Amino acid sequence: MNKLYFGDNLEILREMPDERVHLICTDPPFNSGRDYNTFLGDSLAQKKAFTDTWTWDTAAQDARADIEQRAFSSDTYKALDTCLKGYDLVLQNAVSGNKGAMRAYLAFMGPRLAEMHRVLTSDGSIYLHCDPTASHYLKGIMDAIWDQQNHGKNEYFKNEIVWHYYNVASTSKKFYGRKHDIILFYSAGQTWTFNGDQMREPYAENSNWVKASDSYGDARYKPHPDGKRMHDVWRIPTINNMAKERLGYPTQKPRALYERMIKASSNEGDIVLDPFCGCGTTIDAAHTLNRQWMGIDITILALDPMRQRLADRHGLEPSVDYQIEGYPTNMQEVQKLLKEGDKRKYHDFSNWAVTRLGLRPTKDVGDGGLDGVGHVTLWNPQQLKETNARILAEVKTGKPTITQVRAFCRVMDKNNAEVGIFITLEPVTAKMRQEAQDMGTFEHNNKTYPRLQFWQLDDAYFENPDIINTVVRLPDAWRIRPTQKSERHFEDRQMQLLRG
């Protein structure tokens with residue numbers, strides 16, 4: 001059952017059967033308007049820009065048209081369409097600025113929430129993590145979808161939980177410091193799992209508060225030995241930069257936050273889904289608590305720290321302990337990913353391939369004849385200063401041609417690239433290798449590196465990814481390093497034998 005999907009979560013959710021999962025815990029984009037720049041792992045090469053900005057564009061308009069079309073045959077989408085049309089009036093049908101961005105964001109989130117509602121079991125629940133920028137809009141959409149047949153009262157909304165991350169500095173001279181996110185808790189039906197007695201907090205000691213036994217004025221009331229029932233304000237610190245849990249992922253949330261949701265609203269063996277699973281905090285928490293899990297993410301670079309996290313924390317191996325779809329783990333899966341001739345899947349694979357080299361994927365169109373780009377800062381001992389080197393990559397899934405290689409050489413020269421890497425699935429010819437020799441070399445610290453290099457992806461790479469550092473010759477500063485490791489949660493067999 002445990003499975004990771006790479007791709008658009010809307011498409012993947014729509015392929016899932018009804019009432020498939022018991023609990024959804026997810027942390028989608030917030031429409032915060034922020035750009036997150038981070039280094040994933042400890043390789044400077046893996047720099048990636050994460051953006052949480054939205055634009056009312058063709059994609060947003062197409063999403064709204066699709067919702068309106070589905071509304072003719074689906075009560076859920078009819079409720080969603082009605083809600084979004086109401087928001088159009090609130091947001092003045094804006095196509096630019098903050099209001100236009102919010103309309104685009106809601107066109108993105110609306111159908112995904114509709115599909116999440118469909119895949120929940122009748123006694124399931126959802127925790128939607130958001131922030132005050134959009135939480136009230138999202139609550140309106142969830143009210144419309146979850147209570148589409150109930151005009152009397154909103155009985156599926158359970159809590160607006162405040163996550164108070166008290167350890168973050170937040171000061172402003174113009175407004176109060178912002179130190180919380182919102183988590184919306186809804187049930188799918190009129191009965192739902194809630195392990196309230198497992199969610200108790202110890203009573204405060206030596207406090208000036210009124211004791212629980214006195215607070216109700218009822219002599220029959222006695223404090224519970226495990227503490228008071230949990231309220232809807234959760235004081236859980238964020239992950240500081242020195243924490244062992246920290247993976248370097250820009251929007252990573254503390255595991256304790258998601259363990260609390262999963263423990264409260266599911267039982268061992270239940271299926272937990274995160275459609276925006278990022279670096280895998282929900283997945284990690286679910287496995288820790290002996291739940292089954294499914295995760296979806298569209299960001300290729302997110303799956304590397306997630307896969308490493310599952311290996312480090314739980315000793316899990318892909319294709320052995322869990323499945324990965326849309327993300328190749330062997331050459332057979334590469335061929336399967338590409339055989340349909342789907343242009344989007346080609347770009348997915350191309351993006352995956354260049355990130356194996358630690359390069360940043362380019363956009364799918366208008367990429368100037370290259371698929372990946374990266375920069376590395378090199379120390380020049382002769383000139384006693386740092387210099388920036390530019391590295392480019394191009395991916396060809398069919399039989400490579402000399403014309404393609406020469407075109408890539410021109411792109412390298414046009415972009416003043418020190419090194420270019422031509423990635424293929426099939427062998428290159430002697431003429432192509434001669435073209436590489438004619439491109440000359442790049443020198444650093446008295447070492448020379450070929451300017452044009454070839455990497456033919458094969459089974460040897462999947463068996464030992466470190467082989468890439470021998471196939472592709474780059475300065476040590478660009479050496480492709482493993483993802484930052486997580487603190488181990490399991491005991492391997494060897495340690496058990498030693499202790500036994």
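Can Arg433 be described as surrounded by fewer than 18 Cβ atoms within 10 Å (Cβ to Cβ) and at pLDDT 95 or above?
Against the criterion (surrounded by fewer than 18 Cβ atoms within 10 Å (Cβ to Cβ) and at pLDDT 95 or above), Arg433 qualifies.
For (1) crowded, with 22+ Cβ neighbours inside 10 Å; (2) among the acidic types (Asp, Glu); (3) assigned to a helix (DSSP H, G or I); (4) without any contact (Cβ under 8 Å) to a residue 40 or more places away in the chain, each residue gets a yes or a no:
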| position | (1), (2), (3), (4) |
| --- | --- |
| Asn93 | no, no, no, yes |
| Gly100 | no, no, yes, no |
| Tyr105 | yes, no, yes, no |
| Gly110 | yes, no, yes, no |
| Arg118 | no, no, yes, no |
| Ser122 | no, no, no, no |
| Asn154 | no, no, no, yes |
| Lys158 | no, no, no, yes |
| Val162 | no, no, no, no |
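Filtering region 96-144 to residues that are β-branched (Val, Ile, Thr) and at pLDDT below 95 leaves only Thr133. Considering only residues that are within 27 Å of the chain's Cα centre (by Cα) and open to solvent by 60 Å² or more (accessible area, probe 1.4 Å), which ones fall in region 80-91? Within region 80-91, none qualify. Only a single criterion out of (1) touching a Lys or Arg at 6+ places or on another chain (Cβ under 9 Å); (2) part of a strand (DSSP E or B); (3) modelled with pLDDT of 95 or more is not satisfied by Lys48, namely (3).
Considering only region 303-318, I want to know if a residue exists there that is open to solvent by less than 40 Å² (accessible area, probe 1.4 Å), over 12 Å from Asn2 (Cβ atoms), within 13 Å of the chain's Cα centre (by Cα) and at pLDDT 90 or above. There is no residue in region 303-318 that is open to solvent by less than 40 Å² (accessible area, probe 1.4 Å), over 12 Å from Asn2 (Cβ atoms), within 13 Å of the chain's Cα centre (by Cα) and at pLDDT 90 or above.
The condition of being at negative phi and at pLDDT 95 or above does not hold for Gly152. Restricting Val395, Val373, Val419 to those that are crowded, with 18+ Cβ neighbours inside 10 Å, closer than 25 Å to Asp8 by Cα, modelled with pLDDT of 80 or more and under 34 Å from the mean Cα position of the chain (by Cα) reduces the list to Val395. On inspection, Gly280 does not qualify as more than 29 Å from His164 (Cα to Cα) and modelled with pLDDT of 85 or more. Selection within region 124-152: residues that are assigned to a loop (DSSP other than H, G, I, E, B) and charged (D, E, K, R). The member of this set that is surrounded by the most Cβ atoms within 10 Å (Cβ to Cβ) is Asp147. Working only within region 10-28, note down all residues that are buried (at least 23 other Cβ atoms within 10 Å of the Cβ) and assigned to a helix (DSSP H, G or I). Passing the criteria: none in range.
The values are calculated or read from the model by the stated rules, or taken from the named source; none is laboratory data. Owing to the predicted nature of the structure, the values given are computational and were not obtained by experimental measurement. Note that we place each Cβ from the backbone using ideal geometry, even for glycine, and neighbour counts take in every protein chain shown. Please note that ligands, DNA and RNA were not included when accessible areas were found on the heavy atoms of the full protein model with its side chains. Shrake-Rupley method; radii C 1.70, N 1.55, O 1.52, S 1.80 Å.
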